[in-house]
1. Can you run down the residue pairs with Cβ atoms below 6 Å, 6 or more apart or on separate chains, where the first is in region 87-111 and in contact (Cβ under 8 Å) with a residue 24 or more places away in the chain and on the phi < 0 side of the Ramachandran plot and the partner is aromatic (Phe, Trp, Tyr) and open to solvent by 20 Å² or more (accessible area, probe 1.4 Å)?
2. Has region 145-161 got any residue that is open to solvent by less than 10 Å² (accessible area, probe 1.4 Å), of a type in the set (Ser, Thr, Tyr) and under 12 Å from the mean Cα position of the chain (by Cα)?
3. Which one is surrounded by the fewest Cβ atoms within 10 Å (Cβ to Cβ), of the residues in region 32-58 that are within 14 Å of Phe166 (Cβ to Cβ) and either small (Gly, Ala, Ser) or touching a residue at least 40 places away in the same chain (Cβ under 8 Å) (or both)?
4. Does Arg29 satisfy the criteria of being free of Cβ contacts under 8 Å to residues at least 24 places away in the same chain, open to solvent by 50 Å² or more (accessible area, probe 1.4 Å) and out of contact with any strand residue (DSSP E or B) (no Cβ under 7 Å at 6 or more places or on another chain)?
5. Which one of the conditions (1) at pLDDT 85 or above; (2) open to solvent by less than 30 Å² (accessible area, probe 1.4 Å) does Ala173 fail to meet, given that it meets all the rest?
6. Only one of these is closer than 23 Å to Val64 by Cα and either outside any helix (DSSP H, G or I) or without any contact (Cβ under 8 Å) to a residue 24 or more places away in the chain (or both): Leu151, Leu250. Name it.
7. In region 242-254, which residues are surrounded by 13 or more Cβ atoms within 10 Å (Cβ to Cβ), under 16 Å from the mean Cα position of the chain (by Cα) and not hydroxyl-bearing (Ser, Thr, Tyr)?
Amino acid sequence: MVVSGPARISAPVGSFYRMSVEVFRHGFRRPFQLREFLQQSWMIVSVSVVPTLLVAVPFCVIVVFQLNQLLTELGAADLAGAGAGLAVVREIGPMVSVLVVAGAGATAICADLGARKIRDEIAAMSVMGLNPVQRLVVPRVLASTVVALALNGLVTFVGLAGSFLFSVLVQNASAGLFLANLTLLTGIDDLLVSELKAAVFGLLSGLVACHLGLNAKGGPKGVGDAVNQTVVFSFILLFAANSLITAVFLQARG
C-alpha cells in the first residue's frame, strides 16, 4: 500500500505526541527509576559542562562587545551592565546551555536507546512485562530537564562574570556602574523565565531524543540517522519554543 505524503508526515508526529503523553502519565507512577535518573544525569553533565562553558564565554563576550560598542556610539556606555544582564539572563543563558544539551546529551541518549532498539532489548523488556517508557524514557527526559536547569544557572553566572571582566579590562567600562546597572533592565522575573525556558528546552530535547532512539531501525546506519535527526529536530523545537515563551512573557509584562 502506498502511503501518501501527509500520512507519512503525520504518523511520526502522532507517535511523538503519544510517547510524550505516556511520559507524563508514567512520570508520576511508582516505582521511579532513581538509579537510572542519576546515571543519566551524570552522563549528560559529563558530556555537556565543558562544551557549555567553552561556548558560553566567547558567545557572551562577542555579544557584549558589540552591545558596548553600540552603547558607546550612543553615549550610553554607563549602561553596559544593564545590556549585559538583559542579553545573558534572557537569551544567551538558556539558549547556549540547552543547545549543548541537545547537541551532546540528547544525541548520547538517542544513540543509547537506538542501540538497544536494534539489539531487540526494547522488545525483550516489553515481553518481560516492563514498560520501556517508564523504565528508560522517563528518567532520561527528567535528567535532561534537570541538567538543563542547572547548566542555565551556570552559564548565566559565567556569562555575567566574563562580560564584567571583558567590559572593565578591555573596553574600560566602569566596574561600579556595570554592577550598579546590572539589574536595571532585568529582575527576578527574568531569571525565572530564563529557568522556565531552560526546563522546557531540556524537556523537548529529551523527548525528541527518546522518541527517535526508540524508533530507530535499519541497523547501525539507522541509529546514526536518528542521532542526526535528533540534533536538527531539537534545534527547530528549541527556537520555536523560545520565540513563543519570549512573546508570551513580553506580552504579559506589557
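The values are calculated or read from the model by the stated rules, or taken from the named source; none is laboratory data. Since we're looking at a predicted model, the values are computed, not measured. All Cβ positions, even for glycine, are placed from backbone atoms using ideal geometry, and neighbour counts span all protein chains on display. Calculation scope for accessible area: heavy atoms of the full protein, side chains included, ligands and nucleic acids excluded. Shrake-Rupley method; radii C 1.70, N 1.55, O 1.52, S 1.80 Å.
1. Val96/Phe59
2. no
3. Going through the qualifying residues, I end up with Val57.
4. Taking the combined requirement at face value, the residue does not satisfy it.
5. (1)
6. Working: Leu151 fails: either outside any helix (DSSP H, G or I) or without any contact (Cβ under 8 Å) to a residue 24 or more places away in the chain (or both).
Exactly one of Leu151, Leu250 is closer than 23 Å to Val64 by Cα and either outside any helix (DSSP H, G or I) or without any contact (Cβ under 8 Å) to a residue 24 or more places away in the chain (or both), namely Leu250.
7. Residues satisfying the conditions are Asn242, Ile245.
A quick yes/no check of all residues on (1) out of contact with any His (no Cβ under 7 Å at 6 or more places or on another chain); (2) modelled with pLDDT of 80 or more:
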| site | (1), (2) |
| --- | --- |
| Phe16 | no, yes |
| Met19 | no, yes |
| Trp42 | yes, yes |
| Val49 | yes, yes |
| Gly75 | yes, no |
